[in-house]
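Below you'll find the structure, written out as structure tokens, and then a few comments.
The values are calculated or read from the model by the stated rules, or taken from the named source; none is laboratory data. Since the structure is predicted, the reported quantities are computational estimates derived from the model, not experimental observations. Positions of Cβ are backbone-derived with ideal geometry, glycine not excepted, and every protein chain shown enters the neighbour counts. Side chains are part of the model used for accessible areas, which takes the heavy atoms of the whole protein and leaves out ligands, DNA and RNA. Shrake-Rupley method; radii C 1.70, N 1.55, O 1.52, S 1.80 Å.
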Amino acid sequence: MKKDAHLKKRYSAGKSLIYVFFWLYWRLSKPFVVAFSEAHMGYGEGQFKVDGRQVYAKVTAFLKQLPPQVFEFFMLAVATVPLYVPPALPRNPLRRALVEFWYALKSAFGRFVFVLQGRKRRSLWIETMYRRLIQQAPEQADQVVKTIVSLQSFRTVLASAYLDEKRIWDALDYQPVHQRSFDPPTGPDLATPPPSPQGEMLKREARRPSEVAKKPPGKRTYCVIGSGAGGAVAAHRIQQLEPDARIVLIEAGPLTNNDDYARQQLTTAARLYMNAGVTLTQNQLIYLVQGRAVGGSTLVNNAVAFKPEGFWWDENIVDQWRSLGVNLDYPDLHAQYDPLLERLHVGPADEEPEIISQMSRTIRDGWTKLKEAGRIPPSDQVVPAPINTLKCIGCGRCNYACQYEAKQSMLNTLIPELVEKGGLLVPQAQVTKLLFDRDAPPMRVRAVRAVTPDGEVADIECDRCVVAPGAYASTKLLWKSGFTGAAAGVRTVGKRFSINAGTPLIGIFPEGTPQDGFNGQQVGYALEIQKERIIIETSFAPPGAVGQSLNVWGDEFQVRVRQLNRIAAAVPVLGTLAYGEIKRGLLGQSGFVVDFNLIEQDWIRFQRGLRVSAEAMFEMGAEEVFINRFNGQSLRRDAGPVAFEAYFSGLGPSDFIPVISGHLQGGNVIGPQPFSGVVDTNLKVYGMENCWVCDASVIPAPITLNIAFTVMALARYAAPRIVNDPS
């Protein structure tokens, strides 16, 4: 303990120096950020005028809420914005390195020159920068440091800060509150909904690690790490099965209530997401998005809750997993969905027709027309999205956490029930290590070490340990605890990592045909492409989030902003055929990286999903569609079949299309033997006497469907096996 405290003190001192340096750099960069944001977003006029100072102030407020490592990552992105780009790069590696170094140096000092330019010169400068970067994109795709990614990260934050302003909302006729014929669970006051009584109760009952550290005699203590879909369900079900047990539910993120939630994306990202939503894979081409608060990702997901049926159960899960030797009691697992359906109020989104936006209906009708014309196979189904909500008013801010308690997240369903019946909730406690009472297998967890933001360190004793902080975090925790697998010489922890990957296709409809995507539930309908294992979801969000998908700059950015209420979005989501791993890495935050790359077949499947989405939108009258590729190119309705095929063909890493995943899977997969997986068919860790994993890291092959509901079913499946384990 003393050694750990000493190392922590030295580490914190070093981080503080870097932190202070970057804050000084940010303050000195204000003139550049102001000038760059205005020029990059086209200056604007009237209500759409870009106020660089206001953007800078909002980004500063965002930065103040970030953990140090995320703040430093963002500042590196700012520092490496490539203001100067060489016309061409030499083929010789040494000469190329020298040229890149020289232009990076010029860019660092070029900020002062940029600020001194007039509006037209700044606009031309940015145009030149983009044109040269677009030419060099294929070469950058293979580089370790990708300045294109730095620029993308910087510009998305600027766009969010600009578009999350009331004057912009008013100009777009965007209303963050939608009065319906019914009231949400919090009541009729939509502008300032009252605090949830359950949330207030949780805040009163929340404990610190030191308060729950010692386990009492004569009572079995379970430590459950992570309060999301896996952890909360496992804790709740264990309590039902063993009412006298002592359940300690530990969460690294904060405990919030509905009156804590902001209507701005940047504020929510900083408070409720892992790394503020900017966790990148090692190749910097895929964004991994996970919740980090009590309730986990169920607090900030879009409420979609597919129960796998038919093909999605028989072939996509059972047959695929069995082919890997994973022989669960599948009828038992499938039965675990049903108790959750009723408790979480899962039902079709269009059960409440008022909350379905015109945009969702437009895309649904486009898919239906294609199906009727035989351009979509009979096996592909257009279905209303199942969502776990109660009296949802369709405000479209699911990813910002629900102010109205309509989304039935773990925070306002199972966790309050757990605490009311004696469960102990410990928020803002980062579990850094599992402590064992013997090194040789079977190892036994005697306690988990938890650290609070204010420096409190406590070892929370337990009889049984359930690891469920999410695929990335659970892998890091096992590894940091000194466990990388039960088979000698074989690392299984961190292996077979996969994702459900998505990227939007955006359509622009003519004037006079508003789609009002802001005005409704985020996901209204879905198209199931079974053969390709793709689900395409209608999807929309408030202006700040949609602005991140605007792949243009300068005057064209302003054109796009004015079209936001005429935009429709469909997101093809696919369980990847590719697998990667979580491993140690110098460039990763917290010392780990996700080494993962999409393979060619995944990109081909994306092309299929994006094409179908474009066809559906053109069928319904869209004038133009675009993928969020770096070059800003779009496709006009009248472009013709050759141009249509060319636009979607050959997609790959060099297009720098932001691929996003909120569905991380694998890392601690179920395997038939210790050398092929981390956990057995009871989700018990091989080589450990009293430790189980109950999150998405156990999934041995990606399932395409939104994973939260399946993770909950897996946790319920594991719970009786944990309680009844004889060890």
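Let's see how each residue does on (1) in contact with a Lys or Arg (Cβ under 9 Å, 6 or more places away or on another chain); (2) assigned to a helix (DSSP H, G or I); (3) modelled with pLDDT of 95 or more:
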residue	(1), (2), (3)
A616	yes, yes, yes
G621	yes, no, yes
V625	yes, no, yes
A643	yes, yes, yes
A646	no, yes, yes
G650	no, no, no
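Go through (1) part of a helix (DSSP H, G or I); (2) open to solvent by 20 Å² or more (accessible area, probe 1.4 Å); (3) at pLDDT 90 or above; (4) out of contact with any Leu (no Cβ under 8 Å at 6 or more places or on another chain) one by one and return the number of the condition K58 breaks.
(4)
Among the residues of region 181-222, which ones are among the small types (G, A, S), open to solvent by 40 Å² or more (accessible area, probe 1.4 Å) and at pLDDT 95 or above? I'd like the intermediate steps shown before the answer.
Start the filter on region 181-222 by keeping residues that are among the small types (G, A, S), which leaves 181, 187, 191, 196, 199, 206, 210, 213, 218.
From what is left, the residues that are open to solvent by 40 Å² or more (accessible area, probe 1.4 Å) are 181, 191, 210, 218.
Residue satisfying the conditions is S210 alone.
Which one of these is of a type in the set (V, I, T) and at pLDDT 95 or above: V20, V78, V70, V34?
Values: V20 fails: at pLDDT 95 or above; V78 fails: at pLDDT 95 or above; V70 fails: at pLDDT 95 or above.
Checking each option against the conditions leaves just V34.
Being more than 28 Å from the chain's Cα centre (by Cα) and either under 17 Å from P209 (Cβ atoms) or modelled with pLDDT of 95 or more (or both) is true for just one of L424, L435, L411. Which residue is that? Show your work before the answer.
Numbers: L424 fails: more than 28 Å from the chain's Cα centre (by Cα); L411 fails: more than 28 Å from the chain's Cα centre (by Cα).
Matching residue, one of L424, L435, L411: L435.
Can you report the number of residues in region 321-370 which are within 17 Å of V711 (Cα to Cα) and hydrophobic (A, V, I, L, M, F, W, C)?
Result for region 321-370: 9.
Filter region 661-675 down to the residues that are in contact with a strand residue (DSSP E or B) (Cβ under 9 Å, 6 or more places away or on another chain) and either part of a helix (DSSP H, G or I) or modelled with pLDDT of 95 or more (or both) and list them by number.
So in region 661-675, the residues in contact with a strand residue (DSSP E or B) (Cβ under 9 Å, 6 or more places away or on another chain) come out as 661-671.
S661, H663, L664, Q665, G666, G667, N668, V669, I670, G671, listed by residue number.
Could you list all residues from region 461-499 that are of a type outside the set (S, T, Y), under 26 Å from T704 (Cβ atoms) and either open to solvent by 10 Å² or more (accessible area, probe 1.4 Å) or touching a Leu at 6+ places or on another chain (Cβ under 7 Å) (or both)?
Answer for region 461-499, where residues must be of a type outside the set (S, T, Y), under 26 Å from T704 (Cβ atoms) and either open to solvent by 10 Å² or more (accessible area, probe 1.4 Å) or touching a Leu at 6+ places or on another chain (Cβ under 7 Å) (or both): V467, P469, G470, A471, A473, K476, V493, K495, R496, I499.
Take D365 and tell me if it is under 30 Å from G517 (Cα atoms), among the acidic types (D, E), at pLDDT 95 or above and in a helix (DSSP H, G or I).
yes
Check region 700-713 and report whether any residue there is over 17 Å from S297 (Cα atoms), at pLDDT 95 or above and part of a helix (DSSP H, G or I).
no
Of the conditions (1) open to solvent by 10 Å² or more (accessible area, probe 1.4 Å); (2) under 16 Å from F306 (Cα atoms), L344 satisfies every one except a single condition; which number is it?
(1)
Working only within region 235-275, note down all residues that are modelled with pLDDT under 90 and either open to solvent by less than 20 Å² (accessible area, probe 1.4 Å) or in contact with a Ser or Thr (Cβ under 6 Å, 6 or more places away or on another chain) (or both).
If the condition is that a residue be modelled with pLDDT under 90 and either open to solvent by less than 20 Å² (accessible area, probe 1.4 Å) or in contact with a Ser or Thr (Cβ under 6 Å, 6 or more places away or on another chain) (or both), then A262, Q265 are the ones that fit.
Let's see how each residue does on (1) open to solvent by 10 Å² or more (accessible area, probe 1.4 Å); (2) charged (D, E, K, R); (3) under 17 Å from the mean Cα position of the chain (by Cα):
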| residue | (1), (2), (3) |
| --- | --- |
| P658 | yes, no, yes |
| D680 | yes, yes, no |
| L683 | no, no, no |
| V693 | no, no, no |
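When you check L83 against the structure, is it outside any helix (DSSP H, G or I), open to solvent by less than 40 Å² (accessible area, probe 1.4 Å) and over 26 Å from K58 (Cβ atoms), yes or no?
Details: outside any helix (DSSP H, G or I): yes; open to solvent by less than 40 Å² (accessible area, probe 1.4 Å): yes; over 26 Å from K58 (Cβ atoms): no.
No, not satisfied.
Restricting the search to region 699-710, which residues are under 18 Å from N388 (Cα atoms) and either open to solvent by 10 Å² or more (accessible area, probe 1.4 Å) or not β-branched (V, I, T) (or both)?
Once the filter is applied, which keeps residues that are under 18 Å from N388 (Cα atoms) and either open to solvent by 10 Å² or more (accessible area, probe 1.4 Å) or not β-branched (V, I, T) (or both), region 699-710 yields L705, N706, I707, A708, F709.
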